[in-house]
Structures are given as structure tokens and as C-alpha cells.
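In what follows, a single structure is set out as C-alpha cells and then discussed.
Where a number appears in this text, it was derived from the coordinates with a stated rule and is not lab data. Keep in mind that this is a model prediction, so the values were computed, not measured. Cβ placement follows ideal geometry from the backbone for every residue including glycine, while neighbour counts extend to all protein chains displayed.
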Amino acid sequence: METREFTSDGRPWTVRAIAPGELSYGSSPVDAATVEFYDKRQAGEHFGPLGQFVSSYYIETLLDGDDGDLDLVSDIPEWSIDVATMVEIRAWLASIAR
């Protein structure tokens with residue numbers, strides 16, 4: 001498991017890569033390499049040091065997809081990652097996943 005912090009449009013994100021067999025946010029082992037996104041602005045008493053869990057994806061899905069931005073929750077505009085930050089995240093994921 002590896003964790004990094006990124007900033008998108010001034011918002012801090014915790015991004016956590018999880019290897020198969022490791023525990024995910026829901027405390028279940030994952031079957032495939034997975035990446036989780038946490039809103040770091042919400043880190044603290046209610047959500048823990050990573051922040052508020054927002055969404056997760058298979059790493060392969062993000063690496064094989066387009067090079068655009070990522071809308072984590074469609075009805076919450078703040079929960080999206082801009083193109084430039086996704087380029088950084090995809091490069092990081094590629095460096096640890098392959």
C-alpha cells in the first residue's frame with residue numbers, strides 16, 4: 001500500500017494505492033490493484049488522517065482510460081480531479097503498478 005497527497009484546483013487529496021489482498025476503505029481485501037481518493041480537507045476527528053473517503057477505482061481502469069479529468073462524484077463539483085493532477089496521479093500509479 002502506498003499513499004501520496006496531490007492538490008487539484010487548490011483542494012488537497014489523499015490518494016492511496018492498494019495491492020491485491022490488502023484491505024480497502026471498507027476493510028475488505030481487494031481482488032485487483034485499486035486506488036482510493038480521500039478529501040484531505042475533511043481529515044480529522046470524524047474521518048481520520050486520510051480524510052473523507054470519496055471513491056475508488058481499479059488502477060488498470062485509470063491507466064487504460066483517457067487522459068482527461070476525473071469526476072469522482074457527479075453531483076459534488078468539488079469532488080473532481082483536474083487534468084493536470086490526473087496526469088501526475090496516472091504517472092505515479094504507472095510507476096508503482098507495473
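Just a few scattered comments:
- Scanning region 58-67 finds no residues that are of a type outside the set (Lys, Arg), surrounded by fewer than 17 Cβ atoms within 10 Å (Cβ to Cβ) and touching a Gly at 6+ places or on another chain (Cβ under 7 Å).
- Condition met for residue 79 (more than 14 Å from residue 2 (Cβ to Cβ), touching a Gly at 6+ places or on another chain (Cβ under 8 Å), surrounded by 12 or more Cβ atoms within 10 Å (Cβ to Cβ) and of a type outside the set (Gly, Ala, Ser)): no
Conditions tested, residue by residue: (1) more than 11 Å from the chain's Cα centre (by Cα); (2) at negative phi; (3) surrounded by fewer than 12 Cβ atoms within 10 Å (Cβ to Cβ); (4) hydrophobic (A, V, I, L, M, F, W, C).
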position	(1), (2), (3), (4)
5	no, yes, no, no
10	yes, no, yes, no
14	no, yes, no, no
27	yes, no, yes, no
35	no, yes, no, yes
38	no, yes, no, no
41	yes, yes, no, no
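- Scanning region 33-92 for residues that are hydrophobic (A, V, I, L, M, F, W, C), in a loop (DSSP other than H, G, I, E, B) and in contact (Cβ under 8 Å) with a residue 40 or more places away in the chain returns 33, 50, 79.
- Of everything listed in (1) touching a residue at least 12 places away in the same chain (Cβ under 8 Å); (2) out of contact with any strand residue (DSSP E or B) (no Cβ under 9 Å at 6 or more places or on another chain), the single unmet condition for residue 28 is (1).
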